[in-house]
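Q: Got a structure for you, written out below as structure tokens; questions coming shortly.
Please treat every number below as a calculation from the coordinates, not as lab data. Note that the coordinates shown come from a computational prediction; the quantities given were computed from them, not determined experimentally. Every residue, glycine as well, gets a Cβ built from its backbone with ideal geometry; the counts of neighbours run over all protein chains shown.
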Amino acid sequence: MSESKSKQWAFPEQLQPRADEVDFDLPRALEAVVLLRSEIPEDGFTADTLGTERSGYGVVIREDGLTLTIGYLVTEAETIWLTTNGGNVVAGTVLAYDQATGFGLVQPLGHLGVRELPRGDASLVASSDDVFVIGHGGIDHALKTEVVARREFAGYWEYLLEQAIFTSPAHPQWGGAALLNARGELVGIGSLLIQEEHEGSARQVNMFVPIDVLEPILQSLLTTGRSGRPVHPWLGLFAQEDDGKLTVAGLANGGPAERAGVKVGDLVLGVADQRVTGLSAFLRRVWSLGPAGVDVPLQLARQGDVLRVKVKSGDRGDYLRKPKLH
């Protein structure tokens, strides 16, 4: 999503919030969302899967311009630019990327000239609540929408959220977008666009990471760049769930699972002699064995044979290029 392209479309007026219909400072909320562009070196670990040029949004959450975004936009980024609705362009640097929550923090290296967006309590957000998704570009890219679910989300990239927020209609440019409650407070950051079945037909929904998972780790992220919590063991195993069966759909190049001999197409039967039938159960069982570095015994099925493979887990962060200091 380039800045020029973002100006070529707009939501219909009936889907846009109006200042006289909301109980918060709508212009302030619109200004707090910035365009974020990042460049990643071609030899970056995530370059092949996420690309070397990434674009999305960030939300200013502190008076000094501290910007919260979704982490995949800034993972391994060497160059970051933040652009305000007023056209102010400022370079930024990555302060932290927390893989457990999916959040990334960027510090502008100059003055953005926008006010921060207040943070709310995502635990109070419930199904059927009216909410707003704000993207960069002003009112044309702001959407009135509704919470359709609060539920667990498990991602194939070894990611698990207990109470993700799902909204519909979906915002087509969701990455790093701000989710606001009825008081105009930030309650989530846009992560995904998902197609799901609803009443016999398909619909698109956005998944948001609730802001509440940031609060307990924010100070540690700011001071150390890490959450301060034990790092989950990482396998580099992309699992796909289908009818209760868990299949290895991909492997990280040079990752722990590939080095241990796991193959694409393997059926995951169990972890440490405990049967697992779904992605979330698989992740919880792996993580229950200990922090990153622990041995993870897997039971696999391959072409009719049952195999036992021991994977020496790793810290995913060790595989990523470290940002250059400014």
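Q: Run the numbers on the chain and let me know its relative contact order in percent, using alpha-carbon pairs under 8 Å that are six or more apart.
A: Relative CO of the chain lands at 15 percent.
Q: Quick check on packing: order 150-159, 94-103, 11-20 by the mean number of other C-beta atoms within 10 Å, highest mean leading.
A: The densest-packed peptide leads the list: 94-103, 150-159, 11-20.
Q: Select one label from (1) 72, 40, 30; (2) 64, 51, 35; (3) 50, 47, 37: the one whose number is Cα extents along the principal axes in Å as derived from the coordinates shown.
A: Read-out taken from this structure: (2).
Q: Using DSSP to call loops (not H, G, I, E or B), can you name the trypsin sites (Lys or Arg not before Pro) in region 261-325 whose Cβ has at most 13 other Cβ atoms within 10 angstrom?
A: Filter output for region 261-325: K324.
Q: Counting only C-alpha contacts under 8 Å and six or more residues apart, can you give the relative contact order of region 122-213 as a whole percent?
A: 27 percent
Q: Place +1 on the Cβ of every Lys and Arg and -1 on the Cβ of every Asp and Glu in the chain, take the dipole about the Cα centre, and give the residue among G190, G92, P230 whose Cα lies farthest towards its positive end.
A: P230
Q: About its Cα centre, what dipole magnitude does region 106-172 give when the only charges are +1 on Lys and Arg Cβ and -1 on Asp and Glu Cβ, stated in debye to the nearest 20?
A: It works out to roughly 140 debye.
Q: Do you know the relative contact order of region 32-75, to the nearest whole percent, from alpha carbon pairs under 8 angstrom that are 6+ apart?
A: 41 percent
Q: Which Cα, out of A301, V268, S313, lies furthest along the positive dipole direction of region 265-325 (beta carbon charges, K/R +1, D/E -1)?
A: S313
Q: Let me ask something else about it. Quick check on the exposure proxy: order E63, E258, E215 from fewest to most C-beta atoms within 10 angstrom.
A: Ordered from fewest to most neighbouring Cβ atoms within 10 Å, E63, E258, E215 come out as E63, E215, E258.
Q: What's the angle, to the nearest 10 degrees (0 to 90), between helix 279-288's Cα axis and the longest principal axis of the chain?
A: Approximately 70 degrees, to the nearest 10.
Q: Using just the helices of the chain, give the 222 nm mean residue ellipticity in deg cm²/dmol: DSSP H runs with n ≥ 4 each add -39,500 (n - 2.57), and the total is spread over all residues, rounded to 500.
A: -2500 deg cm²/dmol
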